[in-house]
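Participant: Below you will find the structure I want to go over with you.
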Amino acid sequence: MPELLQYFPQRVELAQYAQPNASRTLIRHQQATSITSKPEWHAPWKLMKVITGHQGWVRSIAIEPENKWFATGASDATIKIWDLASSRLKVTLAGHIMPVRGLVVSERHPYLFSASEDKTVKNWDLEKNKIVRDYYGHVSSVYALDLHPHLDVLASAGRDAVVRVWDVRSRTAIHVISGHTSSITNVKFQDADPQLVSTSMDGTIRLYDLVAGKTRQVLTHHKKAVRGLAIHPEEFTMATASSDDIKQWGFPEGDLLGSCYPNHTGIVNTIALNDSNVLFSGADDGSMAFFDWKTGHKFQDTATTAIPGSLESERGIFASSFDKSGLRLLTGETDKSVKVWREDPDATPETHPGNSWDYSMAVGEI
Amino acid sequence: MRSHEPYQRPPRDVIAATTLATRAGLQKIIDAKMGNTPMAENASTYVKYSSNSLASSTTNERIIKIQDIQEDPMLPPKHQLRKNRHRDPSPPAPVLREAIKPATAEEQKQWRIPSAVSHWKNPLGFTVSIEQRLAANNGGTLERSQAELNNTNFANLAEALSDADREAREGIKIRSQLQHQRLELEQREKEQRLRELADRARQEKRVRTKEDDDKQDQAQRREQIHIERRKQAEKELRLSRMGSEQRVRQLARDTNRDISDKVALGVAKATGETKTMELAFDLRLFSKAAGSNAVHSEDQVYDAPLFAGQEAVSHIYRPKASEDDAGGFADESRFEGLGKAKKLFLGVEEKKGPVEFERDV
């Protein structure tokens, strides 16, 4: 502890933060009654570009930290890297033998990490476009992957219901955290405790203590399998999506803040959050919904347009991500395309008021 | 929806502290796992070993250093994991959602999907109820088929079809009756006409026969005589041209006698006599050898040996190396060894001729 303190001179604030619960619950009660404000207006989102090139379902998307390019992983077992502005294909990485389900680009190295259904997690060096490491240990398909924002620590999870935390350099499995009883769909790191979150097909969300390698909290509010997870870029909150609703949670304790109801006919596969408080949810039948984050108001209902020539059934969204600026939304779809969406630049609150605000939905049961 | 206000990201220094603490904690685990802690490196222990076995009277002492072999962390894994062996370490978390209701009987009924029934294939020959057939007709839903059955349009169509059918049948019946009547009338008229014609012809004939009777009688008689004479003449001519045998036969036939070829006296010829004087013998009599009367035992399949009269036995397999008529090869020594064993077994004489077998006593 003494050597820690030299890095952090403001000890008072640290101490304050250590015991926040009592005061916070009080605030929460006060605020819950006072929310009657109207939701913030958001411009409707429109399809801007369709990028084709993959030969299979596009199952994962990762945006580069500098927002210049993005990577997509697909069921054709390849990873493709595209220019974000021009949408031109930069490189195709082949090395996996089954669908690529997880991708993450490192902020501190020229590295891309990929997870695949072939049970492997691979580390690509983007200076040489070669695999430099692989992380051995998963006994089944790997569905999710994330990199710690500040440490060289990688987390991967999948069908074997175990979260594995890897040391990037030495490839050692630091932790093998069990607890979920079914496939894990998402794993996400954040820099403050709880540093690791996972969602699973068993309908639970687990918040982990990263150093101890143990579950801190289990959130069992969802009725059905949880497939979507998004951590808010600015707030200390997150959203998880089950097939019937999207729930909002507050960290660090995992307080339930509320629910958004997408009323999708399909199953919500993916959600994404940007810093201007827009929550996107995409379902496996191609339906999309956009919510205002603060109030849970669904301001837009749309559906993707399948590429001409594709089947009616090939209209589903598997992966989605806002770019680093939050102005573009990328979706990976069943029709083998990546679609780029943006806010309608001509929209005003008068011309595009969006769906009407249902107050009862927001204050109702959470 | 609760307020998001209290949920603000911790300040940077808190995050930095967390990060540092996490890094330190994780590094400790990594070091322990990789075995490169300073403790582990110098974890060599020294053991003093002294052997005092009973066999050797001298005790010899040595000091042994025990140290773990450092493993290369970059080596590929030595074995493959096939099973997830991890258990949930924590007690089960409280379930904070409402319990999922079990499906009621009605809901289960709604979910029931009728089994597929084909109109074309039923290889096992099951009896398929009419409801199932209807359901199969209507994409598997009984409701739709019922609705379609209850539709009045089906009844209307069926009625209209049967009406049209009945009308058509009546029309056909009337038309065929009319046709039948017309045909009958025609037939009757025709018969009437024919009868009239026949009557007229008969009357005419009766008138004509009374005139011509006498003339016709005489002419007929003359012609008959003429035919009889011509027949007689032809028969005579044929008889005169016949050979003796044929004539005898003819005569016999004329006098109503039945004679076969051979019995016809003076006419029949003995066919065999002129050709061969041989008599027919039973050929089996010739093939019998002298000793054939000997009593055969059951083992004796053949009456006589196959090459009984021949010298063939003496010629089979017997090399004629000694003979001079071996051609040009007689002088050449290189052919001498052919067909002969170079080495013999001990105590065995070289033999000429075929291999001899001895009966085992």
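Participant: Taking R0 as 22 Å, what FRET efficiency do you get between B:Ile64 and B:Gln27 from their Cβ-Cβ distance, rounded to the nearest 0.05?
Facilitator: It comes to 0.10.
Participant: Here is a further query. Given labels modelled 7 Å from the Cα in the Cβ direction, how far is it in nm from B:Val47 to B:Thr152?
Facilitator: That separation, rounded to one decimal, is 10.4 nm.
Participant: Taking amide H atoms as placed 1.01 Å from N in the peptide plane, list the residues 5 or more away in sequence, or in a different chain, whose amide H sits under 5 Å from that of A:Thr270.
Facilitator: Residues meeting the criterion, in which the H sits 1.01 Å from N, are A:Gly282.
Participant: Got a sec to turn the phi values of the range A:278-286 into Karplus ³J(HN,Hα) couplings, 6.51 cos²θ - 1.76 cosθ + 1.60 with θ = phi - 60°, whole Hz, x for Gly and Pro?
Facilitator: 10, 10, 10, 10, x, 10, 6, 9, x
Participant: A further question on this structure: Gaussian network model of chain A, Cα springs within a sub-10 Å range: biggest mean-square fluctuation belongs to which of A:Val153, A:Val187, A:Val163?
Facilitator: A:Val153
Participant: Which value, in Å², gives the accessible area per residue of chain A when a 1.4 Å probe is used on the protein heavy atoms?
Facilitator: 40 Å²
Participant: Evaluate peptide B:25-34: per residue, the Cβ atoms of other protein chains within 10 Å of its Cβ; return the mean as an integer.
Facilitator: Average per residue, whole number: 5.
Participant: Using alpha carbons only, how many angstrom separate the centre of the range B:180-204 from the centre of the range A:179-247?
Facilitator: Going from one Cα centre to the other spans 113 Å.
Participant: Sticking with this structure for a sec: What does the structure give for A:218-227 when I average, per residue, the other chain Cβ atoms found within 10 Å of the residue Cβ?
Facilitator: Average neighbour count from other chains, rounded to a whole number: 3.
Participant: Any idea how far apart B:Lys215 and A:Ser310 come out in nm if each label point goes 7 Å out from Cα toward Cβ?
Facilitator: Result: 11.7 nm between the two label points.
Participant: Efficiency by 1/(1 + (r/R0)^6): what FRET value for A:Leu256 and A:Thr302, r their Cβ-Cβ distance, R0 = 35 Å, to the nearest 0.05?
Facilitator: Efficiency, rounded to the nearest 0.05: 0.80.
Participant: Separate question: How charged is the neighbourhood of B:Glu228? Take every other residue with its Cβ under 12 Å from the Cβ of B:Glu228, and add Lys/Arg as +1 and Asp/Glu as -1.
Facilitator: Result for the neighbourhood of B:Glu228: +4.
Participant: Within 10 Å of each Cβ in peptide A:160-166, how many partner chain Cβ atoms are there on average? Round it to a whole number, please.
Facilitator: That works out to 2 on average.
Participant: May I ask you to compute the full-extension gain from B:Arg166 to B:Glu234, defined as 0.36 nm times their residue separation minus their alpha-carbon distance, rounded to one decimal in nm?
Facilitator: 16.5 nm
Participant: Label points 7 Å out from Cα along the Cβ direction at B:Asp254 and B:Leu178: separation in nm?
Facilitator: 8.0 nm
Participant: Quick one: buried accessible area between A and B, total over both chains, 1.4 angstrom probe, nearest 100 Å²?
Facilitator: The A and B chains share an interface burying roughly 5100 Å².
Participant: Further, regarding this structure: Given a 10 angstrom Cα cut-off, can you work out which residue in A:Ser320, A:Ser114, A:Ser178 is the most mobile in a GNM of chain A?
Facilitator: A:Ser178
Participant: Still on this structure: Which FRET efficiency value, to the nearest 0.05, do you get for B:Leu124 and B:Ala103 by plugging their Cβ-Cβ distance into 1/(1 + (r/R0)^6) with R0 = 30 Å?
Facilitator: With R0 = 30 Å, the Cβ-Cβ based efficiency is 0.40.
The values are calculated or read from the model by the stated rules, or taken from the named source; none is laboratory data. In this text, all values refer to a predicted model and were calculated from it rather than measured experimentally. Every residue, glycine among them, receives a Cβ derived from its backbone with ideal geometry; neighbour counts consider all protein chains shown. Quick note on the areas: whole protein, heavy atoms, side chains included, nothing else; ligands and nucleic acids left out. Shrake-Rupley method; radii C 1.70, N 1.55, O 1.52, S 1.80 Å.
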